[in-house]
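Everything on this sheet refers to the single structure shown next.
The values are calculated or read from the model by the stated rules, or taken from the named source; none is laboratory data. The structure presented is a predicted model; accordingly, all values stated were derived computationally and were not measured. Don't worry about glycine lacking a Cβ; one is built from the backbone with ideal geometry, like all the others, and counts go over all protein chains shown. Areas reflect the complete protein model, heavy atoms only, side chains present, ligands, DNA and RNA absent. Shrake-Rupley method; radii C 1.70, N 1.55, O 1.52, S 1.80 Å.
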Amino acid sequence: MRIGLLYDTFDAYSWADDDPPDADAEYEPEETVDTLAAAVEHLGHTPVRIGTAADLRGRLGKGLSLDAAINITEGAHSRNREAYVPILLEMAGVPCLGSDALTLSVTLDKAWTKDLVAAADIPTPPHRVYSAPEAIDADDLPGAFPLFVKPRYEGTSKGITPDSKVEDVAALRGAVDRITTTYDQDAVAEPFVAGGGEFTVAVVGHDPPEALPVLQRGVEPTTGLGLHTLEHRGAPTADQDWEYELRGTLAPVLEDRLQALSRRAFDTLDCRDFARADFRVDGDGTPWFLEINPLPTFKPDDTFAIVAELMGRDYVDYLAEVFGRGLRRLGLS
């Protein structure tokens, strides 16, 4: 089969001077694309490197022929950006691995995602959405300070700095102003979960999904933030030499709970084939859902590659297995 690869590399878009400093943080290095291609070839199929939604639109107009596609495109400049490629493929009748346009649009919205998982009895911190600092009602906050403030429609820790953790109303107004001004979107504020560490869970397959071994993330000791939030591409703190610690213990009972909650979130949000769910654990050992990413990176040094190594698997071979399960779901095995 000819399997199209849809992705955004770091040089895929032109940015203006007033765009956020981490505008391209969600995109991929070329080695990610090479890894996707190698996994497709490992399955005995032909990878067709396409690129962004704009690239796909242009090539479909010129008669591009595909039997299936693998999509990890993030898009740009819209809260619907992650839906661009799945919609184009759906219109062209090309089956696609990964979640569809509706799921991608919903999960990009942190507020709607939290509403849906809370309704499914998945613990997530209460939240408020603010369109401007003036919208903050000091008598109706989502919880006690410290609070944590982030953009509503971003991933990969975009918009997060040490100032995202706020201790009073004045700091909350400042953080909301920074998000709404710099990122031109609502800010989401929620109580900051501290005490028991930060964890991420990769999920693959479908009906039923499989939660992979849980990974613990390093936490920077002075801010309490996950180290990855301080070091992501384009962050003002990315070049600093941060220390970290692993808080709490990933005991079997906690790992089982994190995996169960990840599978429930995956099903609740109608994810398909692959995703990654993030959690923080409080001082009482209760895990709290933060977000889910149905467009996880497949970089050869990130979550899926690390999990493959923990399982004693060659990464390309394991990724090919994940994609093969997706092809079987689509009836293309």
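Of all residues in region 95-121, those satisfying the criterion of being in contact with a strand residue (DSSP E or B) (Cβ under 8 Å, 6 or more places away or on another chain), buried (at least 18 other Cβ atoms within 10 Å of the Cβ) and within 26 Å of THR181 (Cβ to Cβ) are THR107, LYS110, THR113, LYS114. Candidates are the residues of region 185-204 that are over 12 Å from LYS150 (Cα atoms) and surrounded by fewer than 20 Cβ atoms within 10 Å (Cβ to Cβ); the one that is modelled with the highest pLDDT is ALA194. Only residues that are over 24 Å from ARG233 (Cα atoms), out of contact with any Lys or Arg (no Cβ under 7 Å at 6 or more places or on another chain) and in a strand (DSSP E or B) were counted in region 275-333, giving 2.
Looking at region 16-30 only, could you name the residues that are open to solvent by 40 Å² or more (accessible area, probe 1.4 Å) and in a loop (DSSP other than H, G, I, E, B)?
Answer for region 16-30, where residues must be open to solvent by 40 Å² or more (accessible area, probe 1.4 Å) and in a loop (DSSP other than H, G, I, E, B): ALA16, ASP17, ASP18, ASP19, PRO21.
Cβ-Cβ contacts under 6 Å between residues 6 or more apart (or on different chains), taken from a first residue in region 76-92 that is in contact (Cβ under 8 Å) with a residue 60 or more places away in the chain and closer than 17 Å to THR156 by Cα to a second residue that is open to solvent by less than 70 Å² (accessible area, probe 1.4 Å) and outside any loop (DSSP other than H, G, I, E, B), are listed as GLU82/LEU104; GLU82/LEU108. Which numbered condition trips up GLY63, out of (1) open to solvent by less than 10 Å² (accessible area, probe 1.4 Å); (2) farther than 29 Å from PRO21 by Cα? All conditions pass for GLY63, except number (1).
Among the residues of region 11-51, just one is under 19 Å from ALA305 (Cβ atoms) and aromatic (Phe, Trp, Tyr), namely TYR27. For region 31-50, the tally of residues that are in contact with a helix residue (DSSP H, G or I) (Cβ under 9 Å, 6 or more places away or on another chain), of a type outside the set (Val, Ile, Thr) and not in a loop (DSSP other than H, G, I, E, B) stands at 7. Which one is nearest to ALA187 (Cα to Cα) among residues in region 122-151 that are open to solvent by 30 Å² or more (accessible area, probe 1.4 Å), touching a Lys or Arg at 6+ places or on another chain (Cβ under 8 Å) and touching a residue at least 40 places away in the same chain (Cβ under 8 Å)? Per the stated criteria, the residue is VAL129. Consider region 159-171 and keep the residues that are without any contact (Cβ under 8 Å) to a residue 60 or more places away in the chain and in contact with a helix residue (DSSP H, G or I) (Cβ under 8 Å, 6 or more places away or on another chain). The one that is farthest from PHE145 (Cα to Cα) is ASP163. With the condition kept exactly as written, say whether any residue in region 67-77 is open to solvent by 30 Å² or more (accessible area, probe 1.4 Å), more than 15 Å from the chain's Cα centre (by Cα) and among the small types (Gly, Ala, Ser). Checked region 67-77: no residue is open to solvent by 30 Å² or more (accessible area, probe 1.4 Å), more than 15 Å from the chain's Cα centre (by Cα) and among the small types (Gly, Ala, Ser).
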